[in-house]
Amino acid sequence: MKIAVIVPHFPPHIGGGEQLFLAVCQSLVKRGHQVRVVTGNSGGITGGRQMDGFEVRYCNWRMLFGQPVLRLRDIREVLEWCDIVHTSVYSTALKTILAAGRVRKPCVVTFHEVMGYKWRLFEPNPLKAMSFMAYEQLLLHSARNVHTVSLSTERDYRTTCRKPGRVFMIPNFLEFPEEAAIVSAGIGFRESFALQQEERGILYFSRPAAIKGIFVLLDAVRILQETLRNGHVRICMILASAPEKGRQQASDFLERERLSDLVIIRNSMPRNQQLRVVSEADLCVIPSITEGFGFAALEACHYGRPVICSDAGSLPEVAFGRVRFFRNGDAADLAAQMRLWVEEGTEAFDEIPEKHFDRDPSIDAYVRMYETLLEGKEQT
C-alpha cells in the first residue's frame, strides 16, 4: 500500500501523538508498505527529509490558536500518489478530508481525544470555547472513517457525534528502550531533584496545562502542605516549556501560596533520561482532567512505580500495578490519596494486573483498517 500521513506535527516535535505516528510509519515501512508524511515545521525543520525509509515533508504553515494551518497545495502531490490517506485532529483534518474526497481516496482520521463540552473547562473566553466546540463538531460529522486510540475516546466520539461514522478502535502502543540505555542516560530521580537523604519525592511529568491537571495538583499541595512538610515529602515536577502561560501561572501560584519550598521544578529532558527519573520516583501523580490514552501513566506503571491518577478518560484503561484513583478534578480527594501514601505507603493501593500495549498487534490492526477501507469492506 501507498499511505499518505498528513498530520499537524511530527518528530522532532515532542508529543505522544507525534511519537505514535513515527512508530506507525516505521512499522509500516518495515512491512513493505510505502509511506509519505506531510506535516508542519513546528519541530524546527523545514523542507524534505528521509527518515527510516520514508519521506517527510515539513511545511512552513502559519499558526492559528497554536496549530499549523494546512495549505492544500502542499498535499496535492501526495494525494495523487497514495492509495489511502491518514490524518489526525485538529488543524489538518478538515482540509485533508475534503481534498481526499475530491481525488476519491479513502481517508481515516485519528481522534486522540474528543473534547465536547470539556472545551469550556479550559478556555475562559466563552466565544473561543464555543468556536472550538463548533469546529470539533464539524470534524466529527465530516469524518466518515474514524480511528480512536482508546475505548474512552470511542465512547466520547459516539456520545458527542450524533451521526457517527465507521469507527476503528486501535489502542496506542508504547515501546521502551533497553535498561542499559536508561541507566546510562543521566542522573537518577533523587540526584535530578537534589533530594536529601530523609526526603521522598512525588513526581509530576507533563505539560504545564490545565488539561493535564497541574492546577488540581497544586491545589492539593496547598491543602496538604503541612503533612508534606512534616513527612519530608517534596513535589518534583518535570515541566515542558509550553504553554508558557501555564508555566508562569504555576510559578505565580507557588509564590502566592508560599509553597516554593515544597515544589522543585526541572525542565523537559531527553526521553531516556526522563524515563530513568520516572523509573526511580517514589510516587507518580497523573492528575489529568481529560486523557485520550495516557502515555505518562503507562510509563510510570511499566517501571513499577506506585501511581495516583484521576479517573478521567482512558486512565482506568491504562493504569496497572499499585494504583489509587481520585475523582477527576477534585483537589481535596487527590490530597486525601496523597496523605494516605505519606502516612501509610502503598498498603491501601489497589493492585491491578499488568496490561500490555504492544506494537505488533496495533500495527496488525492498522493494516486491517487500511485494507478494509481500500476494499470497501464492512468493518470487522
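Placing pseudo-labels 7 Å out from each Cα toward the beta carbon at Asp261 and Leu374 gives an inter-label distance of 6.5 nm. Amide H contacts of Phe168 (H built 1.01 Å from N, in plane; Pro and chain starts excluded): Val146, His147, Thr148 sit under 5 Å, all sequence-distant by 5 or more or on other chains.
In region 299-336, what trypsin sites (Lys or Arg not before Pro) fall in a loop by DSSP, with at most 15 other Cβ atoms inside 10 Å? Those that pass, being in a loop and sparsely packed, are Arg327.
Give the peptides 44-53, 30-39 in descending order of average Cβ contacts within 10 Å, highest first.
Values: 44-53: 11.9, 30-39: 18.2.
Answer by packing, highest mean first, reads 30-39, 44-53.
Taking the centroid of alpha carbons for each part, region 87-152 and region 165-203 are 30 Å apart.
Give the Kirkwood hydrodynamic radius (Å, one decimal) of region 179-352, defined as one over the mean of 1/r across all pairs of different Cα atoms.
On the way: mean 1/r = 0.0628 Å⁻¹.
By the Kirkwood definition, the hydrodynamic radius is 15.9 Å.
Run the reach check for Lys118 against lysines, Cα to Cα strictly under 22 Å, same-chain hits fewer than 8 apart removed. What comes back? Leaving aside lysines fewer than 8 places away in the same chain, those within reach of Lys118 are Lys128, Lys163, Lys212, Lys245. Axis of helix 126-142 versus longest Cα principal axis of the chain: the two differ by about 50°, to the nearest ten degrees. For the chain, the average shadow cast by the Cα convex hull is 18.9 nm², which is a quarter of the hull's surface.
Values quoted throughout were computed directly from the atomic coordinates according to the rules given, and no laboratory measurement underlies them. These numbers were taken from a predicted model, which means no experiment stands behind them. Ideal geometry is used to build each Cβ from the backbone, glycine not excepted, and the neighbour counts take in all protein chains shown.
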